[in-house]
Amino acid sequence: MKLHTLLKVLPLIKQPNENPEVTDIVQDNRKVTKGSLFICIKGLTVDGHTFAKEAEEKGAVAIVAEYPVNVSIPVIIVKNTKRAMAILADTFYDQPTKKLHLIGITGTNGKTTTSHLIDQIFRDANKTTGLIGTMYIKMAEQILETKNTTPDSMTLQKTFKQMVDLNVDSAIMEVSSHALDQGRVYGCDYDIAVFTNLTQDHLDYHHTMEEYRRAKSLLFSQLGNTYDLNRPKYAVLNTDDPASEKIQKETAAHIISYGIDHEADFYAKNIEISAKGTTFTLHSPEGEHVLHIQLIGKFSIYNVLAAIAAAYVSNIPMEQIIHSVESIKGVAGRFELVHGGQDFPIIVDYSHTPDSLENVLKTIQHFAKKRIFVIVGCGGDRDKTKRPIMAQIACQYASDPIFTSDNPRSEDPVQILKDMEAGVVGKNYQTIVDRREAIFYGIKHAKSGDVVLIAGKGHETYQQIGDQILDFDDRVVALEAVKENG
Ligand SMILES: CC(=O)N[C@H]1[C@@H](OP(=O)(O)OP(=O)(O)OC[C@H]2O[C@@H](n3ccc(=O)[nH]c3=O)[C@H](O)[C@@H]2O)O[C@H](CO)[C@@H](O)[C@@H]1O[C@H](C)C(=O)N[C@@H](C)C(=O)N[C@H](CCC(=O)O)C(=O)O
Ligand SMILES: Nc1ncnc2c1ncn2[C@@H]1O[C@H](COP(=O)(O)OP(=O)(O)OP(=O)(O)O)[C@@H](O)[C@H]1O
Ligand SMILES: N[C@H](CCC[C@H](N)C(=O)O)C(=O)O
Ligand SMILES: [Mg+2]
């Protein structure tokens, strides 16, 4: 695409004299190739403007910046390069989200699970889907690794374009609060926005719960503002979460509600939870249905209801939806059972927030006959205020809490454990810094009738200590521990 054609979408800018062909748009000088347009982003760690010269040397044909930089190629000055990047990426890839049925899911917990449920329902209904989230980017049958739950706008639009080229018709994505705050999803034309819940996390970044809620609600306030019969916009909201009330006021989209404690368009009653699955009566615009799902816990019902609502307003028949949700076994690292022949359940779960830890432990209390071991830590370089709360929850609901390291990142693992311990009165817990040793300790002491929960890392296959990324998979380590105890 010619530079002038591309730049037409930016308001109030002066077109440069040169009009080179732009072959790519990049925000990382290490990815610049001949013909790239380089966008300088002022990040939280470094200022991308300092890489402009290197980008030129690698073959960039123009630079988009917030202030002048010392290069001899054209420099286009804009007020906000992050916003410009989203607009340029959307244009460069020919507005791919307009060609997709796009569903965005936000909320503190349940995004990955709900997105996988929707993906499965859609695939069972013979749709070709794309999935973007914490675990990976999946399109048609390809799986790509990701760094962020929601990629930057450039990567995101490029991914959507690839999806369009692969004949994907429906894209389902997790939208993190960081992404909403940083404008990574500007330009995405969502059809459906789903809200799971809002509880404490990421206060290191958002500072207050109100700021965190405001970031989440951007997905809904930016959701269309039209009533187009051919492309209706829906906000799927959890009526049991108080944050939904404000979100509802901030969107012009049709409101579709789901819940358990309050009546809603889609709600569940007569809930029975066991170690094998969950049964409930679904009330929906199609009447009542009794569902037997293989996912466990009240929190799982919320995810299932959100997925059912999103699929239903996407015109998938109810019978088909029910068949799919009943056949889904689970999502990797979410309440995943480790089968090593031991006579007590071992559960690996991605609970790394106070609310998710409490939900999972409450669910385990439904079926644990004797002791509950929980092996749990808190990530470094993340919200420190959740540490004492998670420790207190572990001690409240489990008989045998073992505090250990999650991903300490740049922080001192021992200090993270001290931050956790500050939340506990008395000492009914152990601290074992080494996660492997902690898992081995819990499994060695568990007996028939007990349950072992290994929380916080779920599907992760690494542990980040300092700058080192080491191979580490809770499921594999648990199996090794079971084997050793033979
Ligand atoms: C706090 C945060 O959100 N940081 C994100 C942010 O990084 P940053 O602002 O520090 O960027 P930076 O490193 O200062 O770089 C600034 C600019 O210089 C460029 N650069 C940088 C270095 C260089 O050598 N050359 C170069 O050109 C960069 O490409 C960038 O354009 O922009 C980067 C590029 O888009 C993101 O990858 C990065 O996510 C980091 C890895 C991160 O840990 N983010 C977490 C907190 C996050 O976003 N999490 C949510 C999920 C949370 C949840 O669901 O629970 C997510 O969506 O992943
Ligand atoms: N609806 C829910 N409400 C509360 N807790 C939940 C819910 N769904 C899942 N959880 C808990 O949260 C954990 C993470 O779930 P999931 O990965 O689906 O959430 P997420 O929002 O994608 O998280 P992340 O922001 O880390 O990507 C699960 O392992 C489970 O313990
Ligand atoms: N998306 C979350 C994942 C946390 C997972 C946990 N294992 C940790 O490392 O803190 C975050 O980046 O805060
Ligand atoms: Mg996720």
Here, trypsin sites (Lys or Arg not before Pro) of segment 206-282 satisfying both criteria (DSSP loop; at most 14 other Cβ within 10 Å) are 276
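Note down, for segment 208-285, the three equivalent ellipsoid semi-axes (square root of 5 times each alpha carbon gyration tensor eigenvalue), biggest first, whole angstrom. Before the final figure, lay out each step's value.
Details: eigenvalues 149, 64, 19 Å².
Working through the eigenvalues yields semi-axes of 27, 18, 10 Å.
Using the 2.2 N^0.38 Å rule of thumb for compact globular proteins, work out how segment 184-323 stacks up: its C-alpha Rg over that value, please.
Working: Rg = 15.9 Å, N = 140, 2.2 N^0.38 = 14.4 Å.
So the Cα radius of gyration is 1.10 times the expected 2.2 N^0.38 Å.
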The answer for residue 462, listing residues at least 5 apart or on another chain whose modeled amide H is closer than 5 Å to its amide H, is 472
Simple SL model, points at 7 angstrom along Cα→Cβ for residue 255 and residue 228; separation in nm is 2.4
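What is the fewest-to-most order of 364, 73 by other Cβ atoms lying within 10 Å of their Cβ? Write out the running numbers ahead of the final one.
On the way: 364 23, 73 18.
The most exposed by this proxy come first: 73, 364.
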In whole Å, largest first, the alpha carbons of segment 51-204 cover along the principal axes 54, 39, 25
Full extension between residue 54 and residue 200 adds, at 0.36 nm per residue less the Cα distance, a length in nm of 48.5 nm
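Using the alpha carbons of segment 151-208, what is the convex hull volume per residue in cubic angstrom, as a whole number? Numbers along the way, then the final one.
Values: hull volume 5.3 nm³, N = 58.
Measuring per residue, one finds 91 Å³ for the Cα hull of segment 151-208.
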Nearest 10, in degrees from 0 to 90: the angle of helix 318-327 to the longest Cα principal axis of the chain is 60
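Return 420, 390, 209, 154 ranked ascending by Cβ neighbour count within 10 Å, so the fewest neighbours appear first.
On the way: 420 27, 390 30, 209 15, 154 24.
In order of increasing Cβ crowding within 10 Å: 209, 154, 420, 390.
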Cα gyration tensor of segment 383-486 diagonalised, 5x eigenvalues square-rooted, in angstrom largest first, produces semi-axes 21, 20, 10
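Above 18 angstrom, tally the Cα pairs of segment 352-428 and express them as a % of all pairs, no decimals. Intermediate results must be reported in sequence, preceding the final value.
Values: 1020 of 2926 pairs.
Counting every Cα pair in segment 352-428, those more than 18 Å apart make up 35 percent.
How large is the dipole of the chain about the Cα centre if only Lys and Arg carry +1 and Asp and Glu carry -1, each at its Cβ, rounded to the nearest 20 debye? Walk me through the numbers on the way to the answer.
Details: 52 positive and 62 negative charges, 83 e Å.
Magnitude of the dipole: close to 400 debye.
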The Cα extents of the chain along the principal axes, largest first and rounded to whole Å, are 76, 54, 39
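Stretch residue 207-residue 31 to full length: gain in nm at 0.36 nm per residue minus the Cα-Cα span?
Numbers: separation 176, 0.36 × 176 = 63.36 nm, distance 3.29 nm.
Separation in residues times 0.36 nm, less the Cα-Cα distance, equals 60.1 nm.
Averaging over every viewing direction, what projected area does the convex hull of the Cα atoms of segment 128-233 cover, in nm²? Provide the component values of the computation, followed by the final result.
Details: hull surface 29.2 nm².
It is 7.3 nm².
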If one compares the long axis through the Cα atoms of helix 111-124 with the longest principal axis of the Cα atoms of the chain, the angle in degrees, nearest 10, works out at 80
Expressed in angstrom and rounded, the centroid-to-centroid distance over alpha carbons for segment 103-132 and segment 408-466 is 31
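Given N residues in segment 1-106, what is Rg(Cα) / (2.2 N^0.38 Å)?
On the way: Rg = 13.8 Å, N = 106, 2.2 N^0.38 = 12.9 Å.
Expressed relative to 2.2 N^0.38 Å, the Cα Rg reads 1.07.
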On each of the three principal axes the extent of the alpha-carbon atoms of segment 438-486, given in whole Å and largest first, is 39, 20, 16
In whole angstrom, the spacing between the Cα centers of segment 256-272 and segment 157-224 equals 25
Projected onto the charge dipole of the chain (unit charges on the beta-carbon of Lys, Arg, Asp and Glu, signs +1, +1, -1, -1), the Cα from 344, 74, 237 with the largest positive-side position is that of 74
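For a quick check: sort 257, 399, 153 by the number of other beta carbons within 10 angstrom, fewest at the front. Don't skip to the answer; put the middle values down first.
Numbers: 257 20, 399 14, 153 28.
Lowest to highest Cβ neighbour count: 399, 257, 153.
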A chain fully extended from residue 294 to residue 275 at 0.36 nm per residue, minus the present Cα-Cα distance, gains in nm 5.9 nm
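Read-outs: derived from the displayed coordinates by stated rules, not from any lab. Please read these numbers as outputs of a predicted model, since none were measured by experiment. We place every Cβ from the backbone using ideal geometry, glycine too, and count neighbours over all the protein chains shown.
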